Amino acid sequence: MYYDDESVFDDADVDNMPVFSESRRFSRLDSYEKMLLRDYIRSCIREHREYSGRFPTENELVEIRKRAISVLEDEWHITLKNDKQWRQFFQDNAKAAIAKLQKETEGNE
């Protein structure tokens with residue numbers, strides 16, 4: 001059987017190849033990935049406060065958490081399991097971001 005090696009790879013487009021996400025638990029993320037998630041959570045809460053003039057409600061925090069998982073999958077190709085450690089990490093960082101914004105708000109009055 002004859003194969004034309006030159007034509008086999010001429011049409012290959014690496015940018016159009018499928019990318020498969022890796023499924024991970026939160027505990028398997030490295031410190032850099034956790035730092036990026038922390039920054040993302042805090043920036044979402046800050047933007048929400050600046051845009052709406054109020055802190056996010058519980059339902060809005062759930063949506064921010066879902067967006068963070070989506071960004072992780074879209075940008076880093078990691079499917080994060082919604083486990084207890086991830087929810088605790090999110091909650092801790094959301095509380096810290098809100099507390100910091102409240103402190104900044106009190107300082108400006």
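Residues in segment 56-64: is at least one hydroxyl-bearing (Ser, Thr, Tyr), in a loop (DSSP other than H, G, I, E, B) and open to solvent by 40 Å² or more (accessible area, probe 1.4 Å)?
Yes; the residues of segment 56-64 include at least one that is hydroxyl-bearing (Ser, Thr, Tyr), in a loop (DSSP other than H, G, I, E, B) and open to solvent by 40 Å² or more (accessible area, probe 1.4 Å).
One line per residue, one yes/no per condition, for (1) at pLDDT below 95; (2) of a type in the set (D, E, K, R); (3) open to solvent by less than 60 Å² (accessible area, probe 1.4 Å):
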{"residue": "Asp11", "(1), (2), (3)": "yes, yes, no"}
{"residue": "Asn16", "(1), (2), (3)": "yes, no, no"}
{"residue": "Leu36", "(1), (2), (3)": "yes, no, yes"}
{"residue": "Leu72", "(1), (2), (3)": "yes, no, yes"}
{"residue": "Trp86", "(1), (2), (3)": "no, no, yes"}
{"residue": "Phe90", "(1), (2), (3)": "no, no, yes"}
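Residues are listed down the side, and each one gets a yes or a no for (1) of a type in the set (Phe, Trp, Tyr); (2) exposed (fewer than 10 other Cβ atoms within 10 Å of the Cβ); (3) under 30 Å from Thr105 (Cα atoms); (4) at pLDDT below 95:
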position	(1), (2), (3), (4)
Arg25	no, no, no, yes
Tyr40	yes, no, yes, no
Gly53	no, yes, yes, yes
Glu75	no, no, no, yes
Ile78	no, no, no, yes
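Contact map, segment 9-25: residues that are under 30 Å from Gln85 (Cα atoms) paired with residues that are part of a loop (DSSP other than H, G, I, E, B) and modelled with pLDDT of 65 or more, Cβ distance under 8 Å, separation 6+ or inter-chain. Pairs shown: Val19/His77; Phe20/His77; Ser21/His77; Glu22/His77; Ser23/Lys81; Arg24/Lys81; Arg25/Lys81; Arg25/Asp83.
The values are calculated or read from the model by the stated rules, or taken from the named source; none is laboratory data. Since this is a predicted model, take the numbers as computed values, not measurements. We place every Cβ from the backbone using ideal geometry, glycine too, and count neighbours over all the protein chains shown. Heavy atoms of the whole protein, side chains included, go into the accessibility calculation; ligands, DNA and RNA do not. Shrake-Rupley method; radii C 1.70, N 1.55, O 1.52, S 1.80 Å.
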